[in-house]
Amino acid sequence: MVAVASPRFGQRPASPATLAELEKLTERLARKPAAHLLVDGLSIGYSTLRGRFHAVEDVSFEVPAGTNLGLVGESGCGKSTVVKTLMGLQPEATQVSGRALLDGQNILGLDETALRDVRWKRMSLITQSAMNSLDPVYCIGDQISEAILAHEPVSKATAWARAEQMFALVGLPAGRLYEFPHMFSGGMRQRAVIAMALALNAGLLLADEPTTALDPIMQSQIMTRIRGIHAHLRCSMILVTHDIAVVAETCENIVVMYAGKVAESGPTAEVLESPLHPYTMGLKNAFPRLPERGAPRQPLISIPGVVPNLLLPPAGCRFASRCPFATEVCHRVTPPVVQVGAQRAACHHTDRAAEFRVAAARPETWRTMRGAV
Amino acid sequence: MSTRHAIDPSAPLVIEAQDLKTHFQGRSGILSALVGVKPPSARALDGVDLRIREREIVGLVGESGCGKSTLGMTLVRMYQPTDGQILYRGEDITKVEGRRLKAYRHSAQIIFQDPYSSLNPRLTIGQVIEEPLIIHGIGTAAERREKVIRALELVRIPAEGNIDRYPSDLSGGQRQRVAIARALVLEPKFIVADEPVSMLDVSIQASVLELLDELSRELGLAVLYISHDIATVGYICNHVAVMYLGRIVEEGRSEDVLMRPLHPYTQRLMDAIPRMTPGETPERIELRGDVPSPLAVPPGCRFSSRCPYATALCEAVEPALSDQAEAHRVRCHIYDDRAARAHPDLPAPRAGKITEVAETGALVAAAEDARWQS
Amino acid sequence: MKQASPHTPAAIRGRSAWSAAWDSWRQVMQDSFAVVGVSILLLFVIIALTAPYLAPFDPFKAMMTETGRLARLRPPSGEHLLGTTAFGNDVLSQFLHGFRVALLVGLVAAIAVGFISTLFGVLSGYFGGWVDDVLMRITDVALSIPTLPFSIVAVALLGPSIENIILVITVLFWRNGARIIRSAVLTERERVYVKWARAAGASHFHIIMRHILPNIIRVVFLWVTMSVAFAVLTEASLSFLGLGDPTVISWGQMLNTAFSSGNLRTAWWWVVPPSLALVMLVSALYLIGRAYEEQTNPRLRKR
């Protein structure tokens, strides 16, 4: 494809001065350490016409510097709300409580000026719909270099050269920086958004369903990119997705959310190998997999029932109405968070998890609950 | 719901497509019409053969824009095919109109992807399911109610207490069941399910798939299950066809295609599915570029512009579907040397290790990588 | 939600069009501005219906003083609550009869406008293709007609009667409505259930009546409400220009006579009532229309 010349930059090789400045900028940015994030007791509430409710309640997790955390759950579980609130993008009149310490600094409730300093520079966001995060009337290169110029004292040419560097990183030819968002395909647009999010080498990357709208092949290509970039930029990352398999491949740690609360968290390998919470067990068994040669085929199991209405949250455990192992106490008492090894689960019966795991792999276990469509 | 039962090859054919083509002609403006320039046509569906028998579920997979939905819509006569034939129980319904078309619509139904907008919010569940009966003028009000209740039972929704509710009171999974009940109330023989679970949460997808599987057995339905998610296909389909840019590139029994994919595209599609084993990431080949536009289909093999094995032969000659094993067919020169023998001057592709790095960007990235590390 | 009892009738029940209309009416009435608008409108309708009984005199009758002279330009008094005109007519009686004309013209024209624009909008939006092309080109031509010159010429040629004024108003206002309704239909046409109904073999008539019309009826209603206001204003303008029906009394005509007899500045009792009534009626209709629009277009809804 032929590059369209930008009136502002033209397409010419960078001058020695620009290159020198770029090198300094790159070095400066590369020295940025990966961020550490500690979320503690985060609750997010909304007031609607039908009453107040908590979209997120008492969520706590930690992202150690340089690691990946997968935040998974089904639609409406509050995972995207958490990320939006961390970025300070929640709607006005949202009640937020709890703490989110980014390298020790609480980033909840910062004012706009302070937020501007945190966004992009220390924490950046890759959104689900790339089309909404790009401005259709500016060429992509202008948008990326604007973001750089807003935070780094460099010349325009250097900012542009940095944008070229970022495009190379996500596998897009530098010439396409001169093009406008509508000239890109969906996958390319998503890569451009990733390039933009990376431009200032933020210590923490928040990726909110970065591949949901894409085809499976493009999805795997983008995820491969993100993994590669993460490996060599050594930043921290939170990956929000409904796809536990993507988390299994990408993240060291996982947080499973259900109906606004954390059901289970811990190292991905352990949580997926030996889940403690019945919801994690159900989610894992519901996930379609490819048949493996020689291995007996695992049946696909669905979880009966529906997610509770958060306007009228049930007493006790929120998963109890759909849980085949629920006992009387589950419907009455909010379960405590129990630590087993490195895993934490909000369940009354973590001591019987091994027994549950065997039962949960059988479709009959869940089918007995079929009454509630 | 493990591997699906084998299909009796003598079971009657319900639907058969022969060399089916659906091209969409762009609308020409007054100026180009005066000059006599014809706008290019999009070859969405470009020569597809497909057969579905009673009690059989055929999976149709491919990326968005590959023509899989167009095939579904053409088979239920929502799009008029440009060429080829559709046979319903041996009867040619490609061009029927009027009463015979309405009769066909009675026996072929379609279920759409979006459970949220596929039900009119102003109608009750009962009215929604009753509507096809009204359209086809079936029964008295009381008889129709009977049929609606039976259809709700089929999709495991108790009629009592649900028949007078509105779609907004139901969850996504329940709405999709209602949409299935609406399709079933006419007692069709053939159902196209176009991505019926892709908008549902993972935890309830299985129940809808299971329902389709059971219904096909109980009612002897022929089902075309369209999906971009090749993993779900393995659970309910007897037979799988993989589409790329308007054509089937590989088809066969679902175990065969899923366990031993032959076409480079199918292999890549399978590779793309993340494995559930933590920490284990398979090596994935990056494909070049995007799917070409159906407005400008490449001359040779349609996948050649992105295929890591492609050679000059692939770019010049389109491969034919060749039989590999029982019912397993693939459209690729690697498995079929007829074209290579006819064109000895063109180098033929061979399967093997891929040396070429897919995209220039990746090379630059590798170079960058080295620099950043230093 | 109501549970189905064992005594449910044997047929499938649903919400009738009436109950849907009732629901949206109740929603509109939650808006306090709409309540004001509806109250004013209701009052106007009652006055219009009872005008012949409320009016103390024949509006055309010239009043005489005891001395046998014409009671010209009498300011409000116990006998003539709103005074008299330059021709000795009772202003109150004329004013009250004006309600009838305003509402008659408004309603009839608005219903005609609503019918024609719905027909055009639905046909061209639903069928698309050449039907859309033909109908929309006709609409474009209609849109290019300049409002005031056209109405003056048309009424002058056809003759000044209420029927002709209504005809002119209808011809002028269906065109914008057709465009608005067409765009609403274009959205509805793309719904998955419409696609499904076609696949199930439903006729176009069935789809339009069951899936399209019920979902655009709010837009139609909004346009009809607005058309009442346009029609009332247009009738007043035409009458003010001297093109009104001479056999009836309308507010525009009252203003016209006040103006042409040179008393517009002095005889306030003659000028203020019709002007104020016009403003109130049109404002009331806009208030109702605004509430409806807010409801139809969720983006305007208050958070």
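Taking only Cα atoms, what is the 0 to 90° angle, nearest 10, from helix C:17-28's long axis to the longest principal axis of chain C?
Once rounded, the angle reads 60 degrees.
Step through the residues of the range A:56-67 one at a time and calculate ³J(HN,Hα) from phi using the Karplus curve (6.51 cos²θ - 1.76 cosθ + 1.60, θ = phi - 60°), rounding each to whole Hz and writing x for Gly and Pro.
Couplings: 9, 9, 6, 9, 10, 7, 10, 10, x, 3, x, 10 Hz.
Name the residues of the range C:171-195 whose amide N is less than 20 Å from a point 7 angstrom out from the Cα of residue C:145 along the C-beta direction?
C:171-182
Any idea what % of Cα-Cα pairs in the range A:112-155 are farther than 12 Å?
68
Only Cα pairs within less than 10 Å get springs; with that Gaussian network setup on chain B, which residue of B:276, B:199, B:78 has the largest fluctuation?
Judging by the Gaussian network model, the answer is B:276.
Please give every one of the lysines within straight-line cross-link reach of residue A:121, meaning a C-alpha to C-alpha distance under 16 Å, and leave out same-chain neighbours fewer than 8 residues apart.
Partners within reach: A:32.
Taking the Cα centre as origin and putting +1 on Lys and Arg beta-carbons and -1 on Asp and Glu beta-carbons, what dipole magnitude results for the protein assembly as shown, to the nearest 20 debye?
The dipole magnitude comes to about 1360 debye.
Which order, highest average first, do A:72-80, A:189-197 follow once you tally other Cβ atoms within 10 Å for each residue and take the mean per peptide?
Order by mean packing, descending: A:189-197, A:72-80.
As I understand it, the dipole of the protein assembly as shown uses +1 on the Cβ of Lys and Arg and -1 on the Cβ of Asp and Glu, about the Cα centre. Which of C:213, A:82, C:174 lies farthest toward its positive end?
Comparing the listed Cα positions along the dipole, C:174 ranks first.
Just how large is the dipole of chain A about the Cα centre, in debye to the nearest 20, putting +1 at every Lys and Arg Cβ and -1 at every Asp and Glu Cβ?
420
Kirkwood Rh and Cα-based Rg: tell me the resulting Rg over Rh for the range B:153-223, rounded to two decimals.
We get a ratio of 0.94 for the range B:153-223.
Report the residue, chosen from B:143, B:214, B:318, that carries the largest GNM mean-square fluctuation when chain B is represented by alpha-carbon nodes joined by springs under 10 Å.
Comparing B:143, B:214, B:318 in the GNM, the peak value goes to B:143.
Between residue B:283 and residue A:48, what is the FRET efficiency for a Förster distance of 51 Å, r being their Cβ-Cβ separation, to the nearest 0.05?
The computed FRET efficiency comes out at 0.60.
Over the protein assembly as shown, what is the percentage of antiparallel beta bridges among all DSSP beta bridges, to the nearest 5?
The antiparallel fraction comes to roughly 60 percent.
DSSP loop trypsin sites (Lys or Arg not before Pro) in the range A:272-341 with at most 14 other Cβ atoms within 10 Å of their Cβ, which ones?
Here the trypsin sites (Lys or Arg not before Pro) that fit, given the DSSP loop and packing criteria, are A:293, A:297, A:332.
Where in the range A:213-254 does accessible area fall by at least 30 Å² between the isolated chain and the complete protein assembly, at a 1.4 Å probe radius?
SASA drop of 30 Å² or more in the range A:213-254: A:215, A:216, A:217, A:218, A:220, A:221, A:225, A:232, A:245, A:248, A:249.
What do you get for Rg/Rh over the protein assembly as shown if you use C-alpha atoms and the Kirkwood form of Rh?
Rounded to two decimals, Rg over Rh is 1.04.
Using each residue's phi in the range B:267-277, evaluate 6.51 cos²θ - 1.76 cosθ + 1.60 at θ = phi - 60° and report the 3J(HN,Hα) Karplus result to the nearest Hz, with x for Gly and Pro.
Once θ is set to phi - 60°, the couplings for the range B:267-277 become 4, 5, 4, 6, 4, 5, 6, x, 7, 7, 7 Hz.
How many Cβ atoms of partner chains, on average, are near each residue of A:302-308 if near means within 10 Å of its Cβ?
6
When a/c reaches 1.5 or more, the comparison of a/b and b/c decides; with that in mind, is chain A rounded, prolate or oblate per its Cα gyration tensor?
Prolate, since a/c reaches 1.5 and a/b exceeds b/c.
Go ahead and run the numbers for FRET between residue A:367 and residue A:150, Cβ-Cβ distance against an R0 of 56 Å, rounding to 0.05.
With R0 = 56 Å, the Cβ-Cβ based efficiency is 0.50.
Regarding chain B, what's the average projected area of the Cα-atom convex hull, expressed in nm²?
Spelled out: convex hull of the Cα atoms, projected over all directions, averaged, 25.2 nm².
What is the spin-label model distance, in nm, from residue C:81 to residue C:20 if the labels are put 7 Å beyond Cα along the C-beta direction?
About 4.4 nm, to one decimal.
Assuming 0.890 mPa s and 25 °C, estimate D for the range C:35-167 with Stokes-Einstein, Rh taken as the Kirkwood radius over Cα pairs, in µm²/s.
Estimated diffusion coefficient is 132 µm²/s.
With runs of 4+ DSSP H residues as the only contributors, calculate the mean residue ellipticity of chain B at 222 nm using -39,500 (n - 2.57) per run, divided by the residue total and rounded to the nearest 500.
-9500 deg cm²/dmol
With a/c under 1.5 counting as rounded, go ahead and sort the range A:127-285 into rounded, prolate or oblate using the C-alpha gyration tensor (a ≥ b ≥ c being the square roots of the eigenvalues; past the cut-off, prolate if a/b is larger than b/c, else oblate).
Prolate, because a/c is 1.5 or more and a/b exceeds b/c.
If you average the sequence gap of Cα pairs under 8 Å that are 6 or more apart and divide by the length of chain A, what percent do you get for the contact order?
Reported relative contact order: 19 percent.
From the helices alone, meaning DSSP H stretches of at least four residues, give me the mean residue ellipticity at 222 nm for chain C, per-run term -39500 (n - 2.57), in deg cm²/dmol to the nearest 500.
The helix contribution divided over chain C gives -23000 deg cm²/dmol.
Can you give the average number of partner chain beta-carbon atoms within 10 Å of each beta-carbon in peptide B:120-128, as a whole number?
Mean number of neighbouring Cβ atoms from other chains: 6.
Lys/Arg Cβ at +1, Asp/Glu Cβ at -1, dipole of the protein assembly as shown taken about the Cα centre: which of B:209, B:190, C:186 is farthest positive-ward?
So the residue we want is C:186.
Could you compute the FRET efficiency for residue C:29 and residue B:169, with r as their C-beta to C-beta distance and R0 at 25 Å, rounded to 0.05?
With R0 = 25 Å, the Cβ-Cβ based efficiency is 0.55.
To the nearest 20 debye, what is the magnitude of the charge dipole of chain C about its Cα centre, counting +1 on the Cβ of each Lys and Arg and -1 on the Cβ of each Asp and Glu?
Dipole about the Cα centre, nearest 20: 1120 debye.
Of B:38/C:195; A:261/B:68; A:79/A:156; B:68/B:95; B:95/B:147, which sit over 27 Å apart, Cα to Cα?
Too far apart for the 27 Å limit: B:38/C:195; A:261/B:68; A:79/A:156; B:95/B:147.
Return the long-range amide H neighbours of residue B:111 (sequence gap of 5 or more, or a different chain), with a cut-off of under 5 Å between placed amide H atoms.
Placed amide hydrogens put B:192, B:193, B:194 under 5 Å from residue B:111.
Please compute the alpha carbon radius of gyration of chain C, then divide it by the globular-protein estimate 2.2 N^0.38 Å. Two decimals is fine.
Here the answer is 1.23, to two decimals.
Say each of residue C:111 and residue C:279 gets a label point 7 Å from the Cα, pointing the same way as Cα to Cβ; how far apart are those two points in nm?
3.1
Which one, B:263, B:137, B:237, is farthest towards the positive end of the dipole of chain B when Lys and Arg carry +1 and Asp and Glu -1 on their Cβ?
Result: B:137.
Find the centroid of the Cα atoms in the range C:108-160 and in the range C:168-239, then give the distance between the two in whole Å.
Between the Cα centre of the range C:108-160 and that of the range C:168-239, the gap is 13 Å.
Of B:266, B:94, B:311, which is the most mobile in a GNM of chain B whose springs link Cα atoms less than 10 angstrom apart?
Residue with maximal mean-square fluctuation among B:266, B:94, B:311: B:311.
In chain B, what percent of the accessible surface is made up of carbon and sulfur (1.4 Å probe, ligands and nucleic acids excluded)?
On chain B, the fraction of accessible area on carbon and sulfur atoms equals 52 percent.
For the range C:155-165, what does the Karplus curve 6.51 cos²θ - 1.76 cosθ + 1.60, with θ = phi - 60°, yield as ³J(HN,Hα) per residue in whole Hz, taken in order and with x for Gly and Pro?
Here the 3J(HN,Hα) series is 5, 4, 6, 7, x, x, 9, 4, 4, 5, 5 Hz.
The values are calculated or read from the model by the stated rules, or taken from the named source; none is laboratory data. Here the structure is a predicted model, which means the values were calculated and not measured. Ideal geometry is used to build each Cβ from the backbone, glycine not excepted, and the neighbour counts take in all protein chains shown. When the accessible area is computed, the model is the full protein with side chains, heavy atoms only, and any ligands, DNA or RNA have been set aside. Shrake-Rupley method; radii C 1.70, N 1.55, O 1.52, S 1.80 Å.
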